[in-house]
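The values are calculated or read from the model by the stated rules, or taken from the named source; none is laboratory data. It should be emphasised that the depicted structure is a prediction, and the values quoted were computed from it without experimental measurement. Cβ: placed from backbone, ideal geometry, glycine included. Neighbour counts: every protein chain shown. The area values use the complete protein model at the heavy-atom level, side chains included, leaving out ligands, DNA and RNA. Shrake-Rupley method; radii C 1.70, N 1.55, O 1.52, S 1.80 Å.
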Amino acid sequence: MFKRKGILTILFIFVMMFVYFIWAKETPVSLQVNTQSFDIPTKSGDMMNVNLYSPNAILVNLDENKVLIDKNSEEVIYPASLTKMMTVLVAIEQIPNLQEEIVLGNNIFNHLYEANASLAGFLPNEKLTLEDLLYGSMLPSGAEASIGLAEYIAGSERKFVNLMNEKAQQLGMENTHFMNTTGLHHTEHYTTVKDMSLLLQYALTNDEFRQVYTAERYSIKPTNRHPEGITFTNKMFQNMTTRALPGGEILGGKTGYTDDAGLCLASLATINGQEYILVTVGAEGNSRTEQYNITDAFSVYSQL
């Protein structure tokens with residue numbers, strides 16, 4: 001009788017372990033509850049009036065926590081690759097060791113090639129550090145890097161997107177919903193420039209995010225697929241002859257573009273000792289035209 005009870009107990013334990021394994025596998029990772037509280041900026045009593053190519057724009061003085069330009073900031077828009085700011089932020093908050101290495105699987109690439117997505121230049125089965133993927137997502141706007149981060153952290157892009165939407169709720173991004181990590185167009189993947197400014201305002205309080213976001217270049221060490229390594233340049237800086245401004249400079253930025261989103265830019269500048277973020281979306285043009293999103297940034301920052 002004792003032996004029979006012992007065997008039944010062991011079988012019960014194994015069954016419970018199996019059930020737990022299946023549950024854990026299907027349950028998304030939860031975000032660490034470490035969102036730093038911050039005050040939502042209020043509108044200045046002296047708003048700026050600037051002619052812009054972009055139909056949607058918001059300018060925030062981070063030091064005074066004031067909105068200085070509000071142009072259709074709560075109108076729902078498509079964020080294109082501005083999405084990757086959320087991807088990188090969530091990834092940084094989830095990764096304990098940025099030097100850990102992973103291999104980018106073949107499954108990541110076929111859909112991205114078909115969609116003509118922006119790529120960093122990584123190759124299937126390439127062994128890279130997680131830090132490499134962060135910079136690959138932000139600077140050259142690599143979709144394969146973003147999905148690689150998502151699959152490592154959450155097991156799939158779909159589960160990682162749940163974390164992105166959870167973070168958006170934590171930050172008070174009331175009119176935002178993500179469907180992917182890359183910004184590829186989807187009718188249910190939307191936001192507002194106001195929400196994007198809240199995201200950037202919070203993200204810049206994270207030292208690792210700020211370092212990635214403001215980097216002009218980043219070099220990857222030799223890998224199994226790139227024996228000479230790779231050097232990335234931030235897309236925004238590639239399209240600027242200078243970062244200098246009257247009384248300051250542009251410190252960093254993330255560009256975006258799809259046919260539906262237009263030319264987008266979320267940038268950070270310092271002028272006369274104060275920091276500003278500007279988010280613009282919807283400017284006409286493409287990669288072969290003048291970069292009106294960058295033109296708008298210089299127009300705004302030069303009037304401060």
| Ranked order, ILE250, ILE230 - accessible area, probe 1.4 Å, largest first | ILE230, ILE250
| remark: Across SER156, SER267, SER141, the residue with the highest GNM fluctuation in the chain (Cα network, 10 Å cutoff) is SER156
| request: Compute the separation of the alpha-carbon centres of the stretch 163-232 and the stretch 254-278 and state it in Å as a whole number. | output: 13
| Environment charge at ASN272 (Cβ cut-off 15 Å; Lys +1, Arg +1, Asp -1, Glu -1) | -3
| message | A 25 angstrom limit on the alpha carbon distance is what I want to check against. Which of LYS167/LYS221; LYS84/LYS159; LYS127/LYS167; LYS84/LYS194; LYS84/LYS235 exceed it? | response | LYS167/LYS221; LYS127/LYS167
| said: Please give the charge dipole size of the chain, origin at the Cα centre, charges +1 on K and R Cβ atoms and -1 on D and E Cβ atoms. Round to the nearest 20 debye. | reply: 1100
| note | Among SER54, SER146, SER44, the residue with the largest mean-square fluctuation in a Gaussian network model of the chain built from Cα contacts under 10 Å is SER44
| note | Calculating Rg and Dmax of the Cα atoms in Å from this structure picks out, from [x] 19.3, 63; [y] 21.6, 88; [z] 18.3, 58, entry [y]
